[in-house]
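Asks: First, the structure itself, so that you have it in front of you.
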Amino acid sequence: MGCLNELNYKLVWKDHMCHLYTKAGDKVNVELHNGCPYVAHEFGAKLLTVLEQHQIQQELKKMTLKSILTRGAAGLGDKMSIEMAMLVKLKEVMPTLPEDLALKLVPDLSVLTDPNIGLNLPWNRRKRKRLMMAKNVIIHMYSGPDASYWERRLSNEHTEVLCVDLEASTPSNALDETTFAFLLSLCASKRVKALLGGPPCRTTSALRFQKDDGPPILRTEDHPYGLPSLTPQQAELVTNDSILWLRLMLMYILCEEVRPKEQAQTAFLCEQPQDPAEYRKKEDVDEHQYFSMWRTQEWKSFQEAYNAKLISFDQGLQLLKQSADGFAVKRLHVKDLKILVALFTPMMMSDLLVSLQLEISLVIPKNNNLEMVNHLNNMLNEINNKRAMKLNMNKVFLLVLHKMNLILSKKNRFLTLWRMKR
């Protein structure tokens, strides 16, 4: 299945039936015998040949990549392909990333030269034209089903928002090679100003570590990209989720690589569950040995390369659900980040404000922070009121930015943002 995805073939299971589509969109006749899909012998032989050739090409790419990383690119001149250049940059940022996984991240970009590429993309010509004409593009990866708010209400004459998700109103798959090649072309256009997303966390969930006959453990600290004992189906799930997570960062790496020096840093936001080791009891952590993507060397390398920060908070649900956002923003402005307001529920904002009060009391002398503390108390009362949903969300969002600013700055970190127009 993984190789079929890399070749842009699509295998779809629906209503107890299996459907296979070629990269041209043609449907292949598939029959099921005891639950296993079968294709005609002639087509199967051709497909096997294509798969073997693809594997040989991947091995050659891996050898070339290792050679460049150990000996340098001297002698290649301008013969290095765009794909190889991206792989080299990716390994430069994340040197510990396994080569086999790195090769799966970068698609064949030759599909972008196909004059009929639009036929293989999920978005219609009108949407693609708006993306190409927009001065600013915001890409929301793994956005979920509610794309209408993001794309219709937040796009304007200068800015276009693109949601990418299998459940979006226009279903789109970031594992599809043509779709992802198009997304990379947007990143290379120097017009992507913000990139955000919440990759699937099903293979890293703390629930897998409960030892209660539930879903099994798929990743550990020693095997962050899959245990050796996984079944083929489990290994495919882990690999695909790893690709989705890493492709979000690959897109950001490309955005920053092409960004002119005079432009502000591309905004980045990645949401994942908070590391259980940070909020669970030590005895619990020692017993279950929870795993977190935030502890991988790849995230730490990315974090260091782009000065990314990590902020954790309770989502404000009846049951405890800790979340963490990795973000990189050069300078925070309310007008630039209003897009995030919709993510915060009143309960979660209340939790943030309580944390704010504690941090302010530590950062600013008591005789200087009285006005701010009183303001926070008033806002807490408003949020706890049933009418909080109808209040001016910008005031609340400004306070959320205050919390981010407390983390970003060391000297006068609070006073700088407090002087902004309220």
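Asks: For Tyr142, are the conditions met, namely being touching a strand residue (DSSP E or B) at 6+ places or on another chain (Cβ under 9 Å) and of a type in the set (Phe, Trp, Tyr)? Walk me through it before giving the result.
Replies: Details: touching a strand residue (DSSP E or B) at 6+ places or on another chain (Cβ under 9 Å): yes; of a type in the set (Phe, Trp, Tyr): yes.
Taking the combined requirement at face value, the residue satisfies it.
Asks: Step by step: first the residues of region 130-153, then only those that are modelled with pLDDT under 90 and surrounded by fewer than 16 Cβ atoms within 10 Å (Cβ to Cβ), then the one that is farthest from Glu236 (Cα to Cα). Which residue is that?
Replies: The extreme case among them is Arg153.
Asks: Restricting the search to region 23-59, which residues are closer than 25 Å to Asp108 by Cβ, at pLDDT 75 or above and of a type in the set (S, T, N, Q)?
Replies: Across region 23-59, the qualifying residue is only Thr49.
Asks: Kindly provide the set of residues from region 208-222 that are touching a residue at least 24 places away in the same chain (Cβ under 8 Å) and not in a loop (DSSP other than H, G, I, E, B), ordered by number.
Replies: Phe209
Asks: Applying the selection to region 154-176, what residues are in contact (Cβ under 8 Å) with a residue 60 or more places away in the chain and acidic (Asp, Glu)?
Replies: Selection gives Asp176 alone.
Asks: Considering region 211-237 alone, what residues qualify as being of a type in the set (S, T, N, Q) and surrounded by 13 or more Cβ atoms within 10 Å (Cβ to Cβ)? Write out each step before concluding.
Replies: Residues of region 211-237 of a type in the set (S, T, N, Q): 220, 229, 231, 233-234.
The answer is Thr220, Gln234.
Asks: Turning to a different aspect of this structure: Kindly establish whether Arg202 is of a type in the set (Lys, Arg) and without any contact (Cβ under 8 Å) to a residue 24 or more places away in the chain. Don't jump to the end; show me each part of the working.
Replies: Numbers: of a type in the set (Lys, Arg): yes; without any contact (Cβ under 8 Å) to a residue 24 or more places away in the chain: no.
The answer is no for Arg202.
The values are calculated or read from the model by the stated rules, or taken from the named source; none is laboratory data. In this text, all values refer to a predicted model and were calculated from it rather than measured experimentally. Cβ atoms come from the backbone with ideal geometry, glycine included; neighbour counts cover every protein chain shown.
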